[in-house]
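Report on the structure given below.
The values are calculated or read from the model by the stated rules, or taken from the named source; none is laboratory data. Because the structure is predicted, anything quoted here is derived from the model rather than measured. Reconstructed Cβ throughout: ideal geometry from the backbone, glycine too, with neighbour counts over all protein chains shown. Surface areas here come from the heavy atoms of the whole protein model, side chains and all, with no ligands, DNA or RNA. Shrake-Rupley method; radii C 1.70, N 1.55, O 1.52, S 1.80 Å.
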Amino acid sequence: MIPVFLFRSYNRNTAQVGTHYYPSVHAAFRSGHPRMELFIGDVDGKVTLYAREQNQHLTPQLGASNPFYALGLLTSAVPAWPLIDENKDRYLMFQEANVSSNMIGRARVQVFQELKNHSLINITTTGTPLAAIGARWLQAGEPVDVDFNKDGQVDRLTIWPDGRIAYEERNAQGVLVLKEGPESPFDGLNLDNGLADGKVTGFLPIDWNHDGNMDLLVGAWGPRHLKYFQAGWCKVKAPCSLKGICGADGYCTCMSGYTLNDCSGCRRGYFTKISPLADLVQYSCAACPGKGSDAGLCSFRGLCSDDFHAKSAYEERNRLQKSMLAGNGTCTCSTFFHGKDCSLGLCPAGYEYDDALLVAECVPCLPGFYTSLDSNQERCERCPEGSFTSERGTSACSLCRGRLLLYAANEEKTACRSNLVTNLPTFFAVLLWNLMIFLIPLACGMPFIVHDIRRTLGRDGLVRVTTNRHWILHKAVKVRFTGTGVPQLDRAGYAYRARVHTSREVELVTAKCRSPVVEAMASSSGQVQVFWRHAIAFTGVLGVPFSLWLVLLFVLYIAFLAIFWEQYERPMLACVFHLALGATIAILGHWLRWQTISQTQIIQDVQVFDRQLRRRFPRPMTCEKGPARAIEPQQLLRFLDFFRNHIGNRTTYYVVHNIILPLTEPYRLSYAEVAGPSTCHRRWFVSHYWGTDFAHLVSSVERHSQDCSTDFTEKYPYWICTFSNNQWAVSEELGDSYLESSFYQALRGKGTLGTVMVFDEEAMPLTRSWCLFELLQTVLLRGSSHDFKGLMLCSPLGTMNTGKGSLDLAMNVSNKLAKLDLEAAEASNRSDKDMIDNLVRQEGGFEQINEFLVDSISEVLHKLREQFTRNIDSLEKDLARKMNRAQIERARTQLSLQHRRSMPPPSRPLGFSISVPQMVASPSTTRASPVRVLNLPWPAMRLINVGSTP
């Protein structure tokens, strides 16, 4: 029979296991005992029994082990003593704790019934149960008397709101003794809920599982689950793990090299080494590699598998099992290190050696840092400017590259970002291309807008051209003109050179002789372009040709590429982007510039005048060519007054090309149709030469309107080819034959009063073929109607047919007519001249027209002579009257002076009569009128003219 020994300690809650050799451990249930016990068999055949005793230590039941977990969250629950009804059913009640202790019992109460399977259901009804009125609520801080240890004596338990527990156990003498530390079943109980002073709201000691031991139910502040603590079992204390001696005080004295409270393992850096010796086993602690050396334990680059780490790797095992664990003394090296003592290995690129830790290891460089070599000395360095790395442990930083824009690393060098500041070089590159493409047209001779072409005053006046900024340096360059309306300029090609006068004015000289151009030229429209070779060499800014500026800008762009080439993923694509964006901006800039410089002053004035016309005549009216397009004299005057600053003494050629054509361009009609033709059916036909000053034409028409009006309101309109013909459809106006021409239809139309020929001192209308055509039609219409007045010769001084005007002008016209060959008259088109010459020959020849002109001029001279004679006579009479009045005044003055000198002042008033001759201016006679002096006081004497009768 095997003897059984029961070892019990003197402490109620602990048991000690003795020393055994070659133990065989077995845990089992002994017959008649409900608790698992420990059997240990030794090599000598001895079996030792360790009986497990129950105690009152409380252990928390969590999750599903907590039977109250299914109740859910209860807010600041305060329990009451359970109620038992007549059916032996048990009820638990909880109410919500308030801030004031006197409110306990008045808050909301929840009632739970315990079922047969010890589960709980909520049977709370509306209102507070009647049973709760007399219930005892176990609030935190109030002592509860209960037989907690089941020894028949009433103990006292108090749990404070801050979680402190006071347990007083009544001894055999009936005295309450405070139990603390291991003697208290509440030792180590954790009631923390995260609040400093409000951990517990109430508690209830109860034998919930009916095992004969008191359990504990605790409520906490806030919406919480109820905490449930169940009576547990004792924990076997290892007897120094066979590696030490247990002293009388209960502490172990460990063998050399061993440590821990139960001597279950070697000290840190040591491991248990088993050395069999005969039939015994020798345990010793051996040092891990490097322990005690200068290199350190595992060279400080790893962890030694000592007893401490062997036990810590199996925290889930019980202490008895853990006491049997021991390390093997091998080093577990950090990553990248190897060898028995971890002395071999280097940190790779992207890592740095960190020996500040307990175990040195290779730490990856943070984002924004890098190392490029395998080394244990190199430290992570921040990425250079313009580069970044967003990952840990990189061996090189990546350049910030963009496809079209520039990117820069942030301050941490962890990412690349593109913003306005980083792309300032991009803007600079685009600006360089913009300037280059903008300057290329200028360097190649881009046309300038002509603002004005005029001949300066003086006998040796020069032709001066005003433009926008012409960019010509101080050099006479070849230029050509287009669209000026001046034939000798538009058709000359590069026959002229431009010599700089100011930044906006040039003077014209001939291209060959470089002599100044003095011909009369006038225009306010068109363009002037520099010959491309001269433009490349002699146009520029700040004294530097554009071609050199282009070279400089291109060099700057090459320098930009050299600096930022590596910062683009595809540099050539970026170049194309810079070029495209710069070209777009340059083209837009040229377009805006052209729109701006094209709005010359005369164009702006034309637009303003057009708006004025639209207010008077909102919708231009299309009329048939011919007599329906006559205009009023006032319309001519308004036109001249508005554009007087531009017209000055310039010709009709200037007016048509620079004013009438731009004014009628939106409508493609004649000026009369745009401004509103006259509705009067009677009109005058005006024949004039376009080379005459336009102001001369308007003044002549105005004077004729005044001379030929019977009253102030009777002023007939005038058909003037300049305003009545559609200058945009000249060929349609002329027609296929003279019978279809607007000139013929207007002159031959019903209501024509006569032909008003505007003359100047050179009689220039007689040198134009169309004027001869109009003169011929006037000859043919002579006598056709009593309303037709025939030919009226006009000038700004008046209508010579009425005896008004200049006699000198009439004499000049006569002299010119005597020498003029009408057959030599010219026209802009040779076909027009041939047609008119043939028509003149068919209708009687040039002799008939010459005879008509002679008769007309003779009649004009006769009337002018009569008028001149009348004017001379009137002038002589006026002069004689003025001389007579002067002589009388002188005689009176002399007589008064003589009397003052010869006669003393009388004592009384004197009176006398005297006669002096009075000269009256007359062409033939001079007569005297007596003058009588009345007897008046001397100071008041007066002379009185009495005429021929006293």
Margin query: Of everything in the range 268-302, what is at pLDDT 85 or above and open to solvent by 80 Å² or more (accessible area, probe 1.4 Å)? Give them in sequence order.
Written below: PHE300
Next item on the list: Identify, by number, the condition in (1) under 26 Å from TRP719 (Cα atoms); (2) free of Cβ contacts under 8 Å to residues at least 12 places away in the same chain that TRP591 doesn't meet.
Entry: (1)
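What do you reckon, is GLY798 in contact with a strand residue (DSSP E or B) (Cβ under 6 Å, 6 or more places away or on another chain), touching a residue at least 24 places away in the same chain (Cβ under 8 Å) and closer than 30 Å to THR869 by Cα?
Here the answer is no, as GLY798 does not meet what is asked.
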Checklist line | the range 148-188, residues that are assigned to a loop (DSSP other than H, G, I, E, B), in contact (Cβ under 8 Å) with a residue 40 or more places away in the chain and either within 15 Å of MET214 (Cα to Cα) or open to solvent by 60 Å² or more (accessible area, probe 1.4 Å) (or both) | finding: PHE148, ASN149, LYS150, TRP160, PRO185, PHE186, ASP187
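Being touching a residue at least 60 places away in the same chain (Cβ under 8 Å) and open to solvent by 60 Å² or more (accessible area, probe 1.4 Å) is the filter; apply it to the range 66-79 and report the residue that is farthest from GLN139 (Cα to Cα). Lay out the reasoning, then the answer.
Start the filter on the range 66-79 by keeping residues that are touching a residue at least 60 places away in the same chain (Cβ under 8 Å), which leaves 66-69, 71-79.
If we keep only those that are open to solvent by 60 Å² or more (accessible area, probe 1.4 Å) as well, we get 69, 73, 75.
On the way: TYR69: 21, LEU73: 18, THR75: 14 Å.
Per the stated criteria, the residue is TYR69.
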Item checked: Neighbours by Cβ (under 7 Å, 6+ apart or cross-chain): first from the range 756-780, closer than 17 Å to GLU851 by Cβ; second of a type in the set (Asp, Glu) -> LEU776/GLU843; LEU780/GLU843
Margin query: Being surrounded by 13 or more Cβ atoms within 10 Å (Cβ to Cβ) and either among the β-branched types (Val, Ile, Thr) or more than 16 Å from ASN468 (Cα to Cα) (or both) is the filter here; which residues of the range 494-507 pass it?
Written below: TYR494, ALA495, TYR496, ARG497, VAL500, VAL506
Next item on the list: Could you check GLN848 against (1) open to solvent by 30 Å² or more (accessible area, probe 1.4 Å); (2) within 26 Å of VAL701 (Cβ to Cβ); (3) part of a helix (DSSP H, G or I) and say which number it fails?
Entry: (2)
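Per-residue answers, yes or no, for (1) crowded, with 23+ Cβ neighbours inside 10 Å; (2) β-branched (Val, Ile, Thr); (3) not in a helix (DSSP H, G or I):
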{"residue": "GLU624", "(1), (2), (3)": "no, no, yes"}
{"residue": "GLN635", "(1), (2), (3)": "no, no, no"}
{"residue": "ASN645", "(1), (2), (3)": "no, no, no"}
{"residue": "ARG668", "(1), (2), (3)": "no, no, yes"}
{"residue": "VAL686", "(1), (2), (3)": "yes, yes, yes"}
{"residue": "SER700", "(1), (2), (3)": "yes, no, no"}
{"residue": "ARG703", "(1), (2), (3)": "no, no, no"}
Checklist line | Positions within the range 818-851 being of a type in the set (A, V, I, L, M) and within 14 Å of LEU780 (Cβ to Cβ), in sequence order | finding: ILE836, LEU839, VAL840, ILE849
Notebook entry, point to check: Restricting the range 852-886 to residues that are farther than 13 Å from LEU793 by Cβ and in contact with a helix residue (DSSP H, G or I) (Cβ under 9 Å, 6 or more places away or on another chain), which is most open to solvent (accessible area, probe 1.4 Å)?
Noted result: ARG865
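Working only within the range 670-684, note down all residues that are crowded, with 19+ Cβ neighbours inside 10 Å and in a loop (DSSP other than H, G, I, E, B). Let's see the steps before the verdict.
Here is the first cut: in the range 670-684, the ones crowded, with 19+ Cβ neighbours inside 10 Å are 670-675, 677-678, 683-684.
If the condition is that a residue be crowded, with 19+ Cβ neighbours inside 10 Å and in a loop (DSSP other than H, G, I, E, B), then SER670, PRO677, SER678 are the ones that fit.
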Next item on the list: Return the residue satisfying two criteria in turn: it lies in the range 94-119 and is at pLDDT 80 or above, of a type in the set (S, T, N, Q) and not in a loop (DSSP other than H, G, I, E, B), and of such residues it is least open to solvent (accessible area, probe 1.4 Å).
Entry: GLN95
Margin query: Step by step: first the residues of the range 512-553, then only those that are among the hydroxyl-bearing types (Ser, Thr, Tyr) and closer than 15 Å to LEU489 by Cα, then the one that is most open to solvent (accessible area, probe 1.4 Å). Which residue is that?
Written below: SER525
Notebook entry, point to check: Which of the residues that make up the range 463-493 are surrounded by fewer than 17 Cβ atoms within 10 Å (Cβ to Cβ) and closer than 25 Å to GLY648 by Cα?
Noted result: ARG469, THR482, GLY483, PRO487, GLN488, ASP490
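For the range 731-837, give me every one of the helices (runs of 4 or more DSSP H) that falls completely inside it and has 1 or more residues that are farther than 22 Å from PRO627 by Cβ and open to solvent by 40 Å² or more (accessible area, probe 1.4 Å). Talk me through it step by step, then tell me what you get.
Numbers: elements: 742-748, 769-781, 807-819.
Result: 807-819.
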Margin query: Residues that are open to solvent by 40 Å² or more (accessible area, probe 1.4 Å), over 30 Å from ASN261 (Cβ atoms) and free of Cβ contacts under 8 Å to residues at least 24 places away in the same chain: does the range 310-333 have at least one?
Written below: no
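Does any residue of the range 563-573 turn out to be part of a loop (DSSP other than H, G, I, E, B), within 30 Å of the chain's Cα centre (by Cα) and touching a residue at least 40 places away in the same chain (Cβ under 8 Å)?
Step one: filter the range 563-573 for residues part of a loop (DSSP other than H, G, I, E, B), giving 569-570.
So of that shortlist, the ones also within 30 Å of the chain's Cα centre (by Cα) come out as 569-570.
Narrowing further to those that are touching a residue at least 40 places away in the same chain (Cβ under 8 Å): 569-570.
Yes, the conditions are met somewhere in the range 563-573.
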Notebook entry, point to check: Of all residues in the range 390-424, which are surrounded by fewer than 14 Cβ atoms within 10 Å (Cβ to Cβ) and within 30 Å of LEU548 (Cβ to Cβ)?
Noted result: LEU424
